[in-house]
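The values are calculated or read from the model by the stated rules, or taken from the named source; none is laboratory data. This is a predicted model, so every value here is computed, not measured. Because the Cβ atoms are built from the backbone with ideal geometry, glycine has one as well, and the counts that use them run over all protein chains shown. To get the accessible areas, we keep the full protein, side chains included, count just its heavy atoms, and leave off ligands, DNA and RNA. Shrake-Rupley method; radii C 1.70, N 1.55, O 1.52, S 1.80 Å.
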Amino acid sequence: MADEEDDYMTMAIAEPSKPVKETSIQRTARLKREAELRSRQKTKEERAAEAEAATQAALETELDTSNKGFKLLSKLGYKPGTALGKTPGARTQPIEVSKKENRGGIGLDTEKKRKFREEMEEQVKRVKQDVVSYRDRVRMEREEKRLEGQLIGAQKVAEQLDTADDETGLGLLAPGEKGHKKLAPLKSINVLWRGLVKYRLERENEKRMREAMLQRTSDLTSDLPTYDDSDEDADDRQALGKDEKPEADFVDDLDEEDTELDEFNALDPAEKVEKLVMYLRDKHLYCFWCKHQYADAEMDGCPGLTEDDHD
Amino acid sequence: MADRRPSPSSSDDGGRVKRQKTSKSSSSKSTSDSVPALDPKQNPYLAHHYEDASDEGASDEDGAMVMLKHLKRHKTTAAQAEKIEIQAHNPWTMRKHSQRYFEILNKRRGLPVFHQRQEFLDLYHKSQILVFVGETGSGKTTQIPQYVLYDDLPQRKGQMVACTQPRRVAAMSVAQRVADELDVKLGEEVGYSIRFEDRTSEKTVLKYMTDGMLLREAMADNNLSRYSTLILDEAHERTMATDILMGLLKEVVERRPDLKIIVMSATLDAAKFQRYFNDAPLLAVPGRTHPVEIFYTPEPERDYVDAAIRTVIQIHGTEPEGDILLFMTGEEEIEDACKRIGLEADSIIGELDAGPLKVYPLYGGLPPQQQQMIFEPAPPPRRPGGKPGRKVIVSTNIAETSLTIDGIVYVVDPGFSKQKVYNPRIRVESLLVSPISRASAQQRAGRAGRTRPGKCFRLYTEAAFKKELIDQTHPEILRSNLATTVLQLKKLGVEDLVHFDLMDPPAPETLMRALEELNYLTCLDDEGELTDMGRLASEFPLDPTLSVMLICSPEFYCSSEILSIVALLSAPQIFSRPSSQRRKADEMKAYFTHAGGDHLTMLNAYHAFIAAQTEGEDMYKWCYEHFLNYRSLSQVVSVRSQLQRIMERQNIELVSTPFEDKQYWSNIQRALVSGFFMQVAKRDGSSNKTYKTVKDNQSVLLHPSTTLGQDSEWVIYNEFVLTSKNYIRTVTAIKPDWLLDHSPEYYDLDTIKDRDMKLSLQAVKDHMRRKEAMKRRA
């Protein structure tokens, strides 16, 4: 009896090492919490899963030496681990219990498992592929950006060099009236860097259009009667921002179809860069990679035609 | 049978029906007729005209007798026996043979096994043990015992020939058939013996019996000295009793060189039997079978019931004439399938102009007259010249081996059957739907080739057939609780249980559990020796739990009631609940309900049945009105009286507490504990419905059929059933102190692992101690 009581005590004390120091309020709260936890109805699924797990665990646990039947059988001469009877190869384990819970035909479960396995393998493969392509994509994007930068750089150099030795009389930049740049027709510009100019013009154009729009809206919104001065000359007009847009001509120019430029733009960025590099070398004895304009056609000192040669 | 005589076919409807029958019977007739019809002297009908020609030249009255007398035991020939068989007088009864006798004899001589009679006798003479393989329909079950009878002549030494059958019904019906064949009265020269029914007499020379009965006889007479030859039929079914008998007979033949054993099997795994019986000789008789074409599905089926119904309908719509056999797993599934096939057939009959379709269920629990219906011929065409009708039989695996239905040409096999499983680790014994074995699948397919070439539709892929199915069905001994068996073996004098030579020894843990259970039931002592209780318990043809309960019941003044309960638990379910009238059935059951539990409710129903009977009610009608199963209850009455006789023989008092006494019910409940104290569950604190089994800690639910009131914390249960959920079935409320009181050894708290359970039992124990102390002080 004493043993049992001892046993009972040890079970009643939760943590013998931790001194129990709680106020009555804490205690009430704890008890309430514990009671709630205990009385909480487990969901049907939770209970089913628990029961199933307990059954499986029990089915996998062999009867051990504490079992009375084990002792009796040992007395009859049974050696653990051996089989009964005289037939060689007799079973040592009970037949497995397997519950069938649906009406699936024979082989369906195996088939399902096989399909599931295949699908998983497929998915793993796809994920791997995705990883590869992502890396590729990032690298390609980076490469493209780099090439883009190089292209713009090369175009700027070409523009600079082309306009600097304008002895060809192309007159790309003519001083316009009143300091306003008068541009040559867009199509006369070298296609290699025409895109750059066009882009610049487009941006400028946009800016101006926005300004004009603002102007016009402020005009419209103004309740004040506008002052119309017949003495106003062009300069006054411009100063007042009432200038009629004289650039209308090259706005049209921008809208014009330009197959030559389109063709060039359709090229691979690397190819565009290569074309520019070659143009600069041929025309200006300039190596884009060395960032140096050589004196003669030999271009002595330049390691080669490509970026790699300049590493 | 009589209407199966050939008749000229006519063009009217009735003629068509008959013609179908005729075509079947005439084919079997032609083989049987051919031999004797040639020579008038061979014609059994005319045999008496040629009597003078016999060697003995004896008079009509004793010719056969004399001939039988002159036979030399174990040296006879087939010809000698066949000659005696065609005499006018019956050598066993000395009466004149009836006309029917010769009609049957004619048929018998057409059976495949008849052609090997001499071959059989030669082997039988030479060897003590013989393995005989013959497909169902070969005639082995009816003929071999008779062949043995004419050679073994057991009456000369006052012995008998016995032939065992796994099923009671088979033992009874085969005995009747063989009695007819020998032209004797059942119960005289030919009899049968099954549990709770013995129809034999002193005259009996050939006895059909269940294998279980032979085992029981062996317990009383370890050498089975009453028998000259033992025939174990249907050994391939590997029932528990047959397996034990085989192990036992291996030992008995050593002690009794005069005893002959014939092991008969229907399947060709005969090599295993031969090996087991020290390379015994084998005789195989071909069955009358036709080739069967086998079809597999290309893909596994999502729902085998749907697939089965679809297949049946497809066969009916597209295949030529011939009946269909569909295998399903259980009663409910069968009834459901029957209904759905009926409905779907109606719709395609209209669409495809298919013939009429008749669907019959077939399972063990079906009333006999309904079981007989499966032998009715297929329906006639709807109109003259229309497509022929067809019958579909939806059956459990009864139709696999034990029952032969003629006319089956198509078999649909979903590949499942309900099989018993036992697991010693959680002590669960349950029927579970499981895949069949390859041997079973072959057997099923074979059913299609009984009449003519047939087709078998397997509702699984060929790969699944090869990879997923096990080779042979596990024998029953591997799937059962062994408590009863161990008690029997002990009684049979088997000392070394560990090395007892079984064909398929079970897992050691199964034997451990059985020993443990018997020890706690005090049937075996701590040395594993049989106790007085064990000896007494083994007298009853019952599970030890029930026998021990019965033996203990006079202590609780209710042995009469416990006897009724034991009889109720040994018979099939008495409450009937047809799916169409569930509510009504439940209302009626409520009339008998005792909130204390199902055992008590059953007892109420039984008492009501007896009361109505004494009042002279029409019992069949009364049962029908009260949704009770008349057959089961009649069986309960008969089992009860058999058990009562054993109790009287063993001087166990039959007593009752007066019904008015307030202890009437609690005494019964206490007595139940004396047997069921190891089948106990306690309500799980967290929920009303879930219980936990004591010691094994399995979560279980009360079976929905229970009548138990909700306020019962502790219950005993009759069965732990494994389905999609785990159920305990047939439960009754008890008090926990009875448990500690009855078996303190089993309820030794050190052996209880579950903490909650241990605490509860500890509390009960403390309470009991306090009560005891108070009593002492008072």
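Things to note:
- Interface area, chains A and B: about 5400 Å² of buried accessible surface, summed, with a 1.4 Å probe and ligands, DNA and RNA left out.
- A 1.4 Å probe over all protein chains sorts B:767, B:703 by accessible area into B:767, B:703, starting with the largest.
- Within the full protein context, the accessible area of residue A:39 is estimated at about 80 Å² for a probe radius of 1.4 Å.
- The candidates A:126, A:91, A:142, arranged from most to least accessible area with a 1.4 Å probe in the full protein assembly, appear as A:142, A:126, A:91.
- Dipole magnitude for the protein assembly as shown: about 7500 debye, using +1 per Lys or Arg Cβ and -1 per Asp or Glu Cβ, origin at the Cα centre.
- When B:729, A:281, B:577 are compared by accessible surface with a 1.4 Å probe, the order from highest to lowest is B:577, B:729, A:281.
- Within the protein assembly as shown, percent of DSSP bridges classed antiparallel, to nearest 5: 40
- Taken over the protein assembly as shown, the convex hull of the Cα atoms encloses 407 Å³ per residue.
- Share of carbon and sulfur in the accessible heavy-atom surface of the stretch B:333-417 [1.4 Å probe, %]: 54
- In this view, the solvent-accessible surface of residue B:65, computed with a 1.4 Å probe and all protein chains in place, comes to about 40 Å².
- Cross-link pairs exceeding 28 Å in C-alpha to C-alpha distance, out of B:695/B:765; B:689/B:765; A:99/B:358; B:391/B:589, comprise A:99/B:358; B:391/B:589.
- Look at the dipole of the stretch B:356-509 built from charges on Cβ: of B:401, B:481, B:454, the Cα furthest out on the positive end belongs to B:454.
- The lysines whose alpha-carbon is closer than 19 Å to the alpha-carbon of residue A:125, local same-chain residues fewer than 8 away aside, are A:113, A:115.
- Residues of the stretch B:482-650: accessible area per residue with a 1.4 Å probe, Å²: 39
- Per-pair calculated FRET efficiency, R0 = 25 Å: residue B:254 and residue A:87 via Cβ, rounded to 0.05: 0.85
- Surface share of carbon and sulfur [accessible, 1.4 angstrom probe, percent] for the stretch B:678-776: 48
- All C-alpha to C-alpha distances of the stretch B:422-575, sorted into 10 Å bins beginning at zero, yield P(r) values of 9, 27, 27, 19, 13, 5, 0 percent in whole numbers.
- Given A:112/B:420; A:86/B:250; B:682/B:775; B:207/B:260, the pairs whose alpha carbons are separated by over 19 Å: A:112/B:420; B:682/B:775
- Local electrostatic count at residue B:379 - Lys and Arg +1, Asp and Glu -1, tallied over other residues with Cβ under 10 Å: +3
- Cβ-based charge dipole, the protein assembly as shown, positive-most Cα from A:82, B:362, A:39: B:362
- Solvent-accessible area of residue A:152, all protein chains in place: 70 Å² (probe radius 1.4 Å, heavy atoms, ligands and nucleic acids excluded).
- The stretch B:65-285 - Rg over Rh from alpha carbon coordinates, Kirkwood radius: 0.93
- In Å, descending, principal axis extents of the Cα set of the stretch B:678-776: 49, 26, 24
- The stretch B:176-227-the stretch B:637-696 distance, computed between alpha-carbon centres (Å): 34
- Translational D in µm²/s for chain B (Stokes-Einstein at 10 °C, 1.306 mPa s, Kirkwood Rh from C-alpha pairs): 54
- For the stretch B:292-478, size of Cβ-based charge dipole, Lys and Arg +1, Asp and Glu -1, in debye: 320
- The convex hull built on the alpha-carbon positions of the stretch B:200-336 has an orientation-averaged projected area of 13.7 nm².
- Candidate lysines - alpha carbon under 21 Å from residue B:107, same-chain residues fewer than 8 apart omitted: B:18, B:21, B:24, B:29, B:41, B:83, B:96, B:140, B:185
- Over chain B, relative contact order from alpha-carbon pairs under 8 Å, at least 6 apart, %: 9
- Taking a Cβ cut-off of under 13 Å around residue B:486, the surrounding Lys, Arg, Asp and Glu residues balance to a net charge of -3, with basic ones at +1 and acidic ones at -1.
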